[in-house]
1. Name the residues of the range 88-127 whose amide N is less than 15 Å from a point 7 angstrom out from the Cα of Thr72 along the C-beta direction?
2. Based on alpha-carbon positions alone, could you give the equivalent ellipsoid semi-axes of the range 80-196 from the gyration tensor, as √(5λ), descending, whole Å?
3. Give, rounded to the nearest 20 debye, the magnitude of the charge dipole that the range 43-127 has about its Cα centre when Lys and Arg contribute +1 at Cβ and Asp and Glu contribute -1 at Cβ.
4. Hey, how many Å between the Cα centroid of the range 41-92 and the Cα centroid of the range 158-199?
5. Return the FRET efficiency for the residue pair Ala51, Ala128: r is the Cβ-Cβ distance, R0 is 41 Å, and the value is rounded to the nearest 0.05.
Amino acid sequence: MTGRRTAASAVALAALLLTACTGGNDGLVEQYQQGGDKGYISGDGTVQEIAPADRGDAVAFTGTSVDGSTVTSTDYAGDVLVLNFWYAGCGPCRAEAPTLESTFQEVEPAGAQFLGVNIYDGPETATAFEEKYGISYPSLLAKEDADLKLAFASWTPLQSVPITLVLDAQGRVAARFIGQVESGSILKTIVNDVLAETT
């Protein structure tokens, strides 16, 4: 019975990913194929929520933070974690930074954590960005870390930042924002809903 459940979950997850690739991500694919020099592919603001029964395996990762420390997914075991993929030269990333920080300040007391994943910059550029926008949560540096990029490959094509993932307390992807997070209230609501699953 467990095998059938696992197979059904895998089929549901595959269907979700296929839908994302052929539906909400069509614009991202087209922009990537057309190329250009802006350095990012802007999403359409789509928010995908995934019911607990349809979530896949936990996302496992290990990376180096901007301050040089090692950060792993086990550091967030049991926590709801918001992962934001960004880099300093990305216009939508700059635009959403204050929204992400203010949302983090609102949900952190309830137990939610935030972690950035910078896909292009070195520590100096990433630090300058964090200081400019008052970002108080840490970020990992993925530019030269193939294993870190691979850990997220199923959920975020790294050429399409910004993308934001909300992981549940089991480390599974519960929601995905494709493109700039324009509404802190929507992100806060989703995070609070995922937090409520553990109570």
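1. Counting backbone N atoms under 15 Å from the label point, the list is empty.
2. So the three semi-axes of the range 80-196 are 21, 17, 12 Å.
3. 100 debye
4. Going from one Cα centre to the other spans 9 Å.
5. 0.55
All of the numbers you see were taken from the coordinates with simple rules; none came from a lab. Quick caveat: nothing in here was measured; it's all calculated off a predicted structure. Counting neighbours? That spans all protein chains shown, and the Cβs are built from the backbone with ideal geometry, glycine included.
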